[in-house]
1. How many of the residues in segment C:200-233 are under 20 Å from C:Ala52 (Cβ atoms) and in a loop (DSSP other than H, G, I, E, B)?
2. Restricting to segment B:114-141, name every residue that is within 20 Å of the chain's Cα centre (by Cα) and closer than 27 Å to B:Arg82 by Cβ.
3. Taking interchain pairs and intrachain pairs at least six residues apart, which have beta carbon atoms under 9 angstrom, with the first residue in segment D:306-335 and on the phi > 0 side of the Ramachandran plot and the second small (Gly, Ala, Ser)?
4. For segment A:308-329, how many residues are crowded, with 23+ Cβ neighbours inside 10 Å and aliphatic (A, V, I, L, M)?
5. Name the helices (runs of 4 or more DSSP H) wholly inside segment A:3-100 in which the number of residues that are surrounded by 20 or more Cβ atoms within 10 Å (Cβ to Cβ), modelled with pLDDT of 95 or more and more than 21 Å from the chain's Cα centre (by Cα) is 2 or more.
6. Scan segment A:105-117 and give yes if some residue there is in contact (Cβ under 8 Å) with a residue 60 or more places away in the chain, surrounded by 24 or more Cβ atoms within 10 Å (Cβ to Cβ) and either in contact with a helix residue (DSSP H, G or I) (Cβ under 9 Å, 6 or more places away or on another chain) or not assigned by TED's automatic domain parsing to the domain that holds A:Thr192 (or both), otherwise no.
7. Please name all residue pairs, on different chains or six or more residues apart, with Cβ atoms under 6 Å, provided the first residue is in segment B:182-194 and is assigned to a strand (DSSP E or B) and the second residue is modelled with pLDDT of 95 or more and among the acidic types (Asp, Glu).
8. Quick check: is even one residue across segment B:127-150 assigned to a helix (DSSP H, G or I), in contact (Cβ under 8 Å) with a residue 12 or more places away in the chain and buried (at least 24 other Cβ atoms within 10 Å of the Cβ)?
There are 4 protein chains.
Amino acid sequence: MRYAPSDSPVLTLTTGPVDAYPAVLRGLASPVLYDYDPLFLATYQRVCEKLAPLVKSQTVPVLLHGEPVLALEAAAASLIGRDDVVLNLVSGVYAKGFEGRAGRSSAEIVELAVPYDQVIDPAAVAEALAARPDVTVVAACHHDTPSGTINPIAEIGAVVARHGALFLVDTVSSFGGMAIDAESAHADLFVTGPNKCLGCPPGLSILGVSERAWAKMEANPSAPRASILSILDWRDAWRADRPFPFTPSVAEVNGLEAAIDLYVTEGPEKVWARHALTARACRAGILAMGLALWPADVAFASPTTTAVRTPEGIDEAALRGEVRARYGVVLSSGRGATAGRLTRIGHMGPTAQPIHAVVAVAAFGGALTALGHRVDVGAGVAAALAVIDADRDGD
Amino acid sequence: MRYAPSDSPVLTLTTGPVDAYPAVLRGLASPVLYDYDPLFLATYQRVCEKLAPLVKSQTVPVLLHGEPVLALEAAAASLIGRDDVVLNLVSGVYAKGFEGRAGRSSAEIVELAVPYDQVIDPAAVAEALAARPDVTVVAACHHDTPSGTINPIAEIGAVVARHGALFLVDTVSSFGGMAIDAESAHADLFVTGPNKCLGCPPGLSILGVSERAWAKMEANPSAPRASILSILDWRDAWRADRPFPFTPSVAEVNGLEAAIDLYVTEGPEKVWARHALTARACRAGILAMGLALWPADVAFASPTTTAVRTPEGIDEAALRGEVRARYGVVLSSGRGATAGRLTRIGHMGPTAQPIHAVVAVAAFGGALTALGHRVDVGAGVAAALAVIDADRDGD
Amino acid sequence: MRYAPSDSPVLTLTTGPVDAYPAVLRGLASPVLYDYDPLFLATYQRVCEKLAPLVKSQTVPVLLHGEPVLALEAAAASLIGRDDVVLNLVSGVYAKGFEGRAGRSSAEIVELAVPYDQVIDPAAVAEALAARPDVTVVAACHHDTPSGTINPIAEIGAVVARHGALFLVDTVSSFGGMAIDAESAHADLFVTGPNKCLGCPPGLSILGVSERAWAKMEANPSAPRASILSILDWRDAWRADRPFPFTPSVAEVNGLEAAIDLYVTEGPEKVWARHALTARACRAGILAMGLALWPADVAFASPTTTAVRTPEGIDEAALRGEVRARYGVVLSSGRGATAGRLTRIGHMGPTAQPIHAVVAVAAFGGALTALGHRVDVGAGVAAALAVIDADRDGD
Amino acid sequence: MRYAPSDSPVLTLTTGPVDAYPAVLRGLASPVLYDYDPLFLATYQRVCEKLAPLVKSQTVPVLLHGEPVLALEAAAASLIGRDDVVLNLVSGVYAKGFEGRAGRSSAEIVELAVPYDQVIDPAAVAEALAARPDVTVVAACHHDTPSGTINPIAEIGAVVARHGALFLVDTVSSFGGMAIDAESAHADLFVTGPNKCLGCPPGLSILGVSERAWAKMEANPSAPRASILSILDWRDAWRADRPFPFTPSVAEVNGLEAAIDLYVTEGPEKVWARHALTARACRAGILAMGLALWPADVAFASPTTTAVRTPEGIDEAALRGEVRARYGVVLSSGRGATAGRLTRIGHMGPTAQPIHAVVAVAAFGGALTALGHRVDVGAGVAAALAVIDADRDGD
């Protein structure tokens, strides 16, 4: 039996788009109200206010109406002005990609880079800032998804705060899946989205903005206004008595509310534990099959993504193709510099379930074996299961 | 980590209710039309006509508006009259349960029974009929779900046909998951439902009726009329120009249409192969862990249900509880005489995916081990995977 | 422009099936859980307990898993025994139809009938009971939908209670749309459903049972057991720790919970006011066009259905056909004795919105005019609107 | 009775967001696939290819993943370069608003403006182009929604084509509701969206691009790349074998496919007739109540929006507030220069149903009367109905 490309897959264990929670899908299917209907205005305000204690930014979070690539571009364009020197912390493809966005509006970009299987050392950030006291904005990516690595963002944020620069952090694929918020990250511009660990479809961005960041954006003459790239235009749009700069994505907002309600009802700590355990089980299974993680140190590995180094001689695309064709399971490729060199197993939102680690390990091992790289799938699954069971037994 | 009873399970691998296909859920959410609206009348006729080539009864299939227990009771009450002698073929709890229904209206019930881990031998049916030439109705259960066993219904049907009795067959939990239809079963009253292998929620029954069965029911003075138990009242209700005896379950009919469309688009043979492979992989995994199937012979085992004998000393309910609490996986218990003695893993509709055999084997093995009955889960999963891969490699 | 039979209608203003609330449709699309999953068991119990303060029966309401025609048949079969004399109060087609159900199990049926545009006089009930002190069960239909008339059920119930007979009341199409519950009706068996004024699709019944009715059913040797017609089998099924007699209609139960939540959130009094105002506006519009209501006295008219007498010379089916073809609006015909003699405009659940009275009046008047029976549609709509506005201005 | 701001409205008759078709809502609720899953890649290509014969652009239409304000900004930024002189045809608020977008990248903007209740005269465009032979881009808004007026875009397009300039046309709120496509408009950049007359929620844009426009954009050094504003990045993204520049809005794409299928199944001509008749009926009703349309000439009036001049002494916001509070009907305000001066009744997608003209007229008239501006609602509704009936009788 083969799953044809035209067959629905059984399980999407990707790093995004991720499968949405059923309640989110039902939320998307709610009647579409006029954006200025009082019921929708109240919904919009309520959604932003529900996000506030989760994002923990100094001001009520802002929604932008496009997937987070919009928010990242808007953030760069709004926060960074012609006089700014930006320190860009690069431990992966996404952080590197920010350079292009930042470069459009900054005076200079200083890069602190490490190999893409490493993470940024806060001490190195301190050094870099000491070397360049003129740095006014520091940009970082918390979870560089194409590497499956997590930077020590709280420690980095503390360093940045001491320096006095503004801190722009991308937490798109970590927020909602682990303990991260604007406050603990010392973030001035906390860029995230509901389309990863909150289990929504792509189509919205969430921004947590500090008072300083608002002041900086308002003072920035090049900050977009009357543009899809404007953050400033949306500053007060969460208030039911203020206008929208343009029509918000009504259905996506309805879906987001369902996602927030699920998240709060389950409890963030419990959600994070579910992600962490899934990732630990997955890593154990992968390692037990004699495979290597992409992160140079397991301590760098993300709880929302397990990046597996592609064994020598294996075509990574063929491997994922085999995983889908044999088992109906969909995994993510690498991106850019990591493309072809690793496969990513997502643990995000509804797919962050420990038993899915078993599915991923079995499917990955089975496909590898089929491609001639024989691994002990039984050992892999047993190791994954042992992690799940150990956690439970210690409950 | 534990899945609390109030947490949503991750995967429902039961023998029904089974999780519905997403497209069926969306079908259920279609606007509810007036039953006599021409659009709904046309839908209703179309649904029945789409069922015709699948059920392969001599006349257009009839929908009854309750889950199949309604159809079974209606079938007994409608087909069996005071003068009828019924041969009831009992290889499990459901077939035995039919005795109660048949007994309300028949002159006598003759039972041909085998242990519940066996199946009915067509030769024994021939003997029984030879011994009792006055038998006018033979009743059988194709897949006695509480045992996970499949009776050789085509062979039995041929015997019954030679005898000349009417043949009433329950295929509720096999139809749509394997090659079975009214024609091949020589069935006069083919009782099934969409809530198992077609991937609908419970709420409807499907009946395939032969010309002889219609004649018999019409001639039966005790056949219900003006009753929820009437089949006769619904005989022509599939026609858009005929009235409904009472209000049909509009939403369930919409869901059923989506299910039929999925089934036909995927292709019945492909659907059956998916069920069969899932069951084979599951059985291999169970056996590789040193466990025993409930069916006395693997040849009896259903492609839609894998019934696993509960090891000595294990509390079956506790076992399923552990499977859910640890892994979020839901399995079915036995019923009646098989309750406490076996656990059932369903492979029905959307859950009949080979990779789910891996999930089931891992979860079952993990929970058993946790309860003190140590099994080699790795070996189990490897065996399940080997079956999946063998099938694929032979493609 | 014509709406073809194959075009979706714009608005379904029928007396059932009625369009479901959007939130109910989304509820139907929830994942289908195993009925014995603890999450579903808890849902089932919660739904029944949420119904309790609405139905106000002495015991927790019972769900039956078929549309209310099942409940009515089950009620007759369960409550009425071979020794019972039933007084059947007949003011319409549905009450008359109950005779057939009651007749299967009772010793005798005594009928108190009035023309179908009248309602039952409680004094006449008292007389009838005085004349037949052996009456043990009284049956009534609160809202005889095919007539659009409401019987004074509380007063009748008080008479029955004084007599000491058991009181079986059908409130299928009034419950949820006006002030009616088992307590105020003095009902021992309160038969209703969610598929009318609660805005669910057809597929479930709700029963409110008094302690006396349970005792009577348990003492009744002919009360069905192990049957779809059994109420007794389901007595304790609402409890999460008790088994289901057979598989409940999971999706419909999920839909029902959404309906109850909507009803309670809006507030029953507000819901009833919405129904009542819609009906008043509709009646005003109909009368202002010179047409006649079916009920002989406007005081008899239901707040959930407006039955309009078909003018002389008009083909009622053609009239509804024209309403649909011209305006995309679907209305209900009469039934049985009222078929062809009246058209019914439903005000039930989501369609009980005052502005829909305007739609109904305009569409009805427009179609009549088109068929040659000229009416002043403008006057009709103005009158309907005046009622709506008067209500609002008096707020 | 009052509909509170927290109550769901009954009917949303706005100019957008408009209520989505039920099938579109169900489409949105489809499983969210990985964007690189072959099944989604095929869906994406199929959706674009299904749009091709509707948009009739020279090349396969492009989707952008934000509501059409994104497409308009992207169009201006991509098509217009530093050397371009833009002739902006201004007959309303939206066309005027394009000036700001165009001004960011053009050498000069020449404006041809008319009062906002008028439309652009093609002869005036010819004159303007004759006066300024250096104009390289002409921008127009087909349906300037805040005025409810339709420009003669085919005639204007022919003039532009003769001149040789590129023609950028905004048809966001007309496409799908009347006969308009890139070919008939002679449009080089045809900017539209599915969130008006196709009945989708806001969240996507559709662009039809001519070969010349692609060439121009590719040659434009300031055309955005690696930006949410880039059209060029998405040029080939419709092809299943090409990458997405960033994650597309999966759910919205699923919803769009459902919308296209509905549109094609019903038939564009029939859909347009439904819009046109609704608007005609609505206008007739408004005029019969002695009110004035906003367009100076009824020939300018849009088939997708009826803009009604606010009578002297009436507070437009209060008027809409009253329409919602009394009848549960939601209407749109004006925007910018038309705000406070007119109310808009939308006829878009699922709300373009003739009977809704009756609702709108009745609700509008009733609310006006309540606010002290007495109108003859009966006459209004009768006039609206007469238009519907005349159309039908002439069928």
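1. The number of residues fulfilling the criteria is 4.
2. Listed by number, the residues that qualify are B:Ile120, B:Val138, B:Ala139, B:Ala140, B:Cys141.
3. Note: pairs meeting the criteria are D:Gly313/D:Gly372; D:Gly328/D:Ser8; D:Gly328/D:Ala363.
4. Residues in segment A:308-329 being crowded, with 23+ Cβ neighbours inside 10 Å and aliphatic (A, V, I, L, M): 3 in total.
5. Once the helices (runs of 4 or more DSSP H) in segment A:3-100 are filtered for at least 2 residues that are surrounded by 20 or more Cβ atoms within 10 Å (Cβ to Cβ), modelled with pLDDT of 95 or more and more than 21 Å from the chain's Cα centre (by Cα), what remains is A:22-28, A:38-55.
6. Looking for residues that are in contact (Cβ under 8 Å) with a residue 60 or more places away in the chain, surrounded by 24 or more Cβ atoms within 10 Å (Cβ to Cβ) and either in contact with a helix residue (DSSP H, G or I) (Cβ under 9 Å, 6 or more places away or on another chain) or not assigned by TED's automatic domain parsing to the domain that holds A:Thr192 (or both), one finds at least one in segment A:105-117, hence yes.
7. What qualifies is B:Val191/B:Asp170.
8. no
The values are calculated or read from the model by the stated rules, or taken from the named source; none is laboratory data. From a predicted model like this one, the values you see are computed outputs, not experimental measurements. As a convention, Cβ positions derive from the backbone with ideal geometry for all residues, glycine included, and neighbour counts pool all protein chains shown.
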